[in-house]
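Notes to accompany the following structure.
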Amino acid sequence: MELFLQAASVAFLPSAIGAVGLGVLIGLIFGSIPGLTFTVALALALPITFSMEPVAAIGLLLGTYIGGMTGGSVSAILLGIPGTPSAAATVLDGYPMTKKGEASIALGTAVIVSVFGGIFSLIVMIVSVDLVSRLAISFGPAEIFALVLFGMSTICGLCGGSIIKGLISGVLGLMMMTIGLDEIDGVPRMTFDSVNLLQGVNLLVAMIGLFAIPFIIEVATQRMDVAPTRVAKIRAHLPSLNLLWRKVWLMVRCSVLGTGIGAIPGTGGAIASFLAYDHARRFSKERDSFGKGNIEGVIAPETANNAVTGGTLIPLLSLGIPGDPATAIVLAGLMIHGITPGPALFMQHATEVYGMYIAVVIAYVWVLALQLVGIRFFVHVLKIPRELLAVAVLVLCAIGAYSIRNSAFDIYAMGVIGVLAYVFVALRVPITPIILGMVLGPTLENEFRTAMMLSGGKAGIFLTSPIALLFFTLALLVIGLQVVSELKFRRNPQEKVKA
Amino acid sequence: MTDRRKDTVFSCVMFLLAGAWTWQVLSTIPPGYGDGDIGPRAFPLAFGLILLALAALLFVTSWPPDREDLCVVAPGGKEVQLSQKIHWLPSALLLGELVLYGFLLEKLGFLIATPVVILLVMMLNLRIRSLRRLFGMSLGLTLGCWLVFEKLLGIYLASGTWIDLG
């Protein structure tokens, strides 16, 4: 208790609170602009922390991380372009809500459930850091492969009208991620001797192209052909407590899911948010309204991707294993300030660890304050004429794509992928499975190949692990349910078309 | 073109793409090196074959292409197709402008390339004719982005190899 009070006295210093707030603000800005991720924000924020006290410094980094994770939802909801990969699932129902004139409700809900997910995962982390880290570390390549395969099975739920077209879309995403230098053997694949292709197709570049370019073409064609569609009247009000209370059980389930996924190194917010979205859709009473602006489609991914923040800190603090590039920078920040994560962390740096816990809570208070105040300003984006908004989106997306690798090639790639996405949308081929394929593809391949190498080529490694078997069974169950639902649809197609 | 005919064409394009991909994988990527290494070829090859199978399946399910379509009935009883018309010209125009933007960024830098491309997009794609809007947007957006990203956030925006305004 004495150590906790000592930590609180440091964490509640105005300079520390200000540092966390600054981090949250930087994260929110970077997270909400497509292409500028919070990983970039963390890299830029790291040098600022050099001269700070450890708790304030780590608070600034954690604030940037948390702000970035929540900021991704702003552009996802308002423009239909996810600011970060972990907000890709939020687009599915967040943007349709904006089209219905419910942008502020979607944004408000996203903020509140983000804070819920983040605080929930923090509590889980504090209570179970030791147990969860031991469980998570027992995930070898076979188990992670099975988990990712289970994630892939959710493609069926994102297919819209046609499972075959959705699967084609997912396979295209998987194929795209095999382009470039093979991570295990270092062999160039499908690069056609192009130096630019050696680095492969960047996930963010593809994501910007997939979501932003169709929007710009749509605006351009509306100006050429027909009168522009008007966004419904903008109202600035927040979700009611009653609504949130009715969804609290969904929030708890998605928080558990996000924390669990976050604790497994090499996974991350995008996987968690897609799994949570699919989970919410599958168990919802209003399944047919998903993709058309169902609030549960915003609650589930936003709760889960923020719950990942606490989850990733579990292996980071207890074992020194960063779960993703962003937490790797947080790890660097910890080490720069003489805090080495690992089993001895709680004995050697208890004050700093407690200080970090408090900093996370302060960061979420900042998120809540900044975003809730900001909503009334954010929604005014929708008042900007669509043609001017399209130009601004184009320039911001081009800057985002270029700044990832300082390469004009990424702008070309964004354009090509974007035009293809536009054609796909026009042909009723769902584009979300492409993102899922791109997010999960590299992990799927690398973990499978590593598992096979570890077992000397014996596929039995996947069948001897109970955890892997559990995920395989779940994947089969999900696919089976979806096939049954598709067969029912084929018997009575009008029912689904009307829906 | 009916939705089913579009599906038939789409499945044929995907089939060709999958065939070309599989052939390219087989001819350029080496197989595994033994000792459990399934190699860098296995996954791209598997994905190519899966796409072949899926494209064939889509072709079969969309055949015959002139069969009755699935439609939604709009208010007033008019049947509306579920797919949309593809606007090839605006798409190709935008792609061309993005390619030009990438080229100009590297040659002339952000401060010159950006207003040029904004003007092109606004005039050609969006048919905006107001000079105030054209110059206001192109110069305002360029300077705004330069100040925020380059000066405030320290993010590198391209400087040209032909002309460098910094």
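When the residues of the range A:375-395 are filtered to those that are surrounded by 17 or more Cβ atoms within 10 Å (Cβ to Cβ) and either outside any helix (DSSP H, G or I) or under 21 Å from the mean Cα position of the chain (by Cα) (or both), the one that is farthest from the other protein chains (Cβ to nearest Cβ) is A:I375. Restricting the range B:116-131 to residues that are surrounded by 20 or more Cβ atoms within 10 Å (Cβ to Cβ) and not β-branched (V, I, T) leaves a set whose member that is farthest from the other protein chains (Cβ to nearest Cβ) is B:M122.
Here are some residues: B:L157, B:L111, B:L141. Which one is of a type in the set (A, V, I, L, M, F, W, C), outside the structural domain of B:M14 (by TED's automatic domain parsing), open to solvent by less than 50 Å² (accessible area, probe 1.4 Å) and modelled with pLDDT under 90? Of the residues listed, the single one that is of a type in the set (A, V, I, L, M, F, W, C), outside the structural domain of B:M14 (by TED's automatic domain parsing), open to solvent by less than 50 Å² (accessible area, probe 1.4 Å) and modelled with pLDDT under 90 is B:L157. Which ones in the range A:34-48 are surrounded by fewer than 22 Cβ atoms within 10 Å (Cβ to Cβ) and touching a Leu at 6+ places or on another chain (Cβ under 8 Å)? The answer is A:L44, A:L46, A:I48.
So, of the residues in the range A:59-74 that are among the hydrophobic types (A, V, I, L, M, F, W, C) and modelled with pLDDT under 90, which turns out to be surrounded by the most Cβ atoms within 10 Å (Cβ to Cβ)? The qualifying residue surrounded by the most Cβ atoms within 10 Å (Cβ to Cβ) is A:M69.
Within the range A:402-415, being open to solvent by 20 Å² or more (accessible area, probe 1.4 Å) and facing chain B (nearest Cβ under 7 Å) holds for A:S403, A:N406, A:Y412. Considering the range A:252-350, the qualifying helices (runs of 4 or more DSSP H), each wholly inside and each with 2 or more residues that are open to solvent by less than 10 Å² (accessible area, probe 1.4 Å), run over A:269-282, A:296-319, A:325-336. Within the range A:455-464, the residues that satisfy the criterion of being farther than 13 Å from A:L149 by Cβ and in a helix (DSSP H, G or I) are A:A459, A:G460, A:I461. Do we find that A:F4 is in contact with a Phe, Trp or Tyr (Cβ under 6 Å, 6 or more places away or on another chain), touching a residue at least 40 places away in the same chain (Cβ under 8 Å) and open to solvent by 70 Å² or more (accessible area, probe 1.4 Å) in this structure? It is true that A:F4 is in contact with a Phe, Trp or Tyr (Cβ under 6 Å, 6 or more places away or on another chain), touching a residue at least 40 places away in the same chain (Cβ under 8 Å) and open to solvent by 70 Å² or more (accessible area, probe 1.4 Å). Against the conditions (1) modelled with pLDDT of 85 or more; (2) in a helix (DSSP H, G or I); (3) farther than 15 Å from A:A212 by Cβ; (4) more than 7 Å from chain B (Cβ to nearest Cβ), A:M452 satisfies every one except (4). Residue count for the range B:10-29 satisfying the condition of being facing chain A (nearest Cβ under 9 Å) and surrounded by fewer than 16 Cβ atoms within 10 Å (Cβ to Cβ): 1.
Selection within the range A:424-436: residues that are in a helix (DSSP H, G or I) and under 17 Å from B:M14 (Cβ atoms). The member of this set that is most open to solvent (accessible area, probe 1.4 Å) is A:V425.
Residues considered: A:A421, A:A398. Of these, the only one that is within 26 Å of the chain's Cα centre (by Cα), at the interface with another protein chain (Cβ under 7 Å from one of its Cβ atoms), open to solvent by less than 20 Å² (accessible area, probe 1.4 Å) and closer than 27 Å to A:E218 by Cβ is A:A398. In this structure, is B:V80 at pLDDT 95 or above and more than 10 Å from chain A (Cβ to nearest Cβ)? Criteria not met by B:V80. Based on this model, can you work out whether A:I137 counts as β-branched (V, I, T), at negative phi, in contact (Cβ under 8 Å) with a residue 12 or more places away in the chain and surrounded by fewer than 17 Cβ atoms within 10 Å (Cβ to Cβ)? Yes, satisfied. State all residues of the range A:437-476 that are within 27 Å of the chain's Cα centre (by Cα), among the aliphatic types (A, V, I, L, M), within 22 Å of B:F43 (Cβ to Cβ) and open to solvent by 20 Å² or more (accessible area, probe 1.4 Å); if no residue qualifies, say none. Listed by number, the residues that qualify are A:V439, A:L476.
The values are calculated or read from the model by the stated rules, or taken from the named source; none is laboratory data. Fair warning: this is a prediction, and the values are worked out from it, not measured in the lab. In this analysis, Cβ positions are derived from the backbone assuming ideal geometry, glycine residues included, and neighbour counts consider all displayed protein chains. Side chains included, ligands, DNA and RNA excluded: accessible areas come from the protein's heavy atoms. Shrake-Rupley method; radii C 1.70, N 1.55, O 1.52, S 1.80 Å.
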